[in-house]
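One structure is given below, encoded as structure tokens.
Values in this text are rule-based calculations from the coordinates and carry no lab data. As the structure is a computational prediction, the values presented were derived from the model and not from experiment. We place every Cβ from the backbone using ideal geometry, glycine too, and count neighbours over all the protein chains shown.
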Amino acid sequence: MPLFIGFSQDNPIITVTVGPTPDAPGSAMRLFSYDRTTGASAGEIKEEGVMHFLLQLHTDMFLGLPGMLFLGVMGGLFILAIASGVVLYVPFMRRLPFGTLRKSRSARVRRLDTHNLLGVVTLGWALVVGLTGVINAFADPLTDSWREGELKAMVAARGADQPLTPADYGSVDKAMTAAKAALPGVSPQFIGFPGGAWSSGRHYAIFFQGDTPLTSHVLTPALVDAETGTLTDTAAMPALNQALMLSKPLHFGDYGGIALKMLWAILTLATIWVLWTGLQLWLGKGARNTERAVDEIVHAGSAL
């Protein structure tokens, strides 16, 4: 049965997601594409390969919601680590000019200077990516909260939510016409069919986006009775859900095309280097402490 229809603002291709039940998990869904102007099939879209594997690993480590929440906690600790680094860097800056690399000193000192310089240069970006990553980790709970709160209230205000069977679904075109009349000047991004996570048991939930780089990521839903095609209600998404919509593209660098993605990649590599040098400094500190303890024992033995 149909679950979602997705629209592109850049080409005439639409995507149709189907599954065995309205609340089917992502693993049971299949994605097909069609030419929006002719209705001709453009084939099935397979979400597989290296990039899909990496995205799944980065999103939830193949553990679903527990994996997402675990990564959210890790993101929070990442932010705390950045904050502690800033606290340590302040007295360091009082002794040396910004950007100083003491190349004539030991390897440990040179590594410390590189760690501090790259850390402060990438500070703002790392905080943005860390905060947006934490917000993204709570995507499913935020969606559930919207469904159980605002969505149910919208439906309840217009009468009982009597679930529909697919055989009773009415015209999607008629529903889209009613929604566009209520929300002029915006473009549809996707339609959630009845029974899914983004709609009620008897409504098409048609989500519209703005026409600017920023507003294109803020969605406004219109609920249309799937049987009659009449508009039920429209309402802006709650602030937390809007923050989630804005944070996802910012987290992945989707606001500025390939140029921003390349910048995001460079900053990611720089942050990995900061993490690596920090780990080396931490391990080296243990070795130095061990050497110092051995020297103290040797000196104490000599004194005796």
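Overall shape: oblate for the stretch 126-213, with the ratio a/c of the largest to smallest alpha carbon gyration tensor axis at 1.5 or above and b/c at least equal to a/b.
Inter-label distance, LEU101 to VAL128: 2.5 nm, where each label sits 7 Å from its Cα along the C-beta direction. Any chance you could give the angle, 0 to 90 degrees and rounded to 10, that helix 50-60 forms with the longest Cα principal axis of the chain? With rounding to tens, the tilt is 80 degrees. In plain terms, the chain from LEU55 to PHE92 could stretch by 9.5 nm, reckoned as 0.36 nm per residue minus the Cα-Cα distance. Remark on PHE208: its backbone amide H falls under 5 Å from those of GLN189, THR220, ALA222, a criterion applied only to residues 5 or more positions apart or on other chains, H modelled at 1.01 Å from N. Dipole magnitude for the chain: about 1780 debye, using +1 per Lys or Arg Cβ and -1 per Asp or Glu Cβ, origin at the Cα centre. Placing dummy labels 7 Å off each Cα toward the beta-carbon, the span from SER33 to ALA181 is 3.4 nm.
Set against the labelled values (1) 0.94; (2) 1.36; (3) 1.21, Cα Rg over 2.2 N^0.38 Å computed from this structure falls on (2). Peptides 70-78, 101-109, 164-172 ranked from most to least packed give 70-78, 164-172, 101-109, packing being the mean of other C-beta atoms within 10 angstrom over each peptide's residues. Distance between the pseudo-spin-label points of THR165 and MET74 (7 Å out from Cα toward the beta carbon): 4.6 nm.
Where does each of 207-219, 39-51 land if you order them by average Cβ count within 10 Å, highest first?
Descending packing order for the listed peptides: 207-219, 39-51.
Counting only residues at least eight positions apart within a chain, or on another chain, the lysines with an alpha carbon under 29 Å from that of LYS103 are LYS285. A dipole drawn for the stretch 6-122 from +1 and -1 charges on Cβ atoms has a positive end, and of ALA42, GLY75, VAL120 the residue lying farthest that way is VAL120.
Extension gain LEU260-SER41, at 0.36 nm per residue separation less the Cα-Cα distance, in nm? Taking 0.36 nm per residue and subtracting the Cα distance, the gain is 75.5 nm.
Across the stretch 130-220, Cα pairs under 8 Å and at least six residues apart give a relative contact order of 24 percent.
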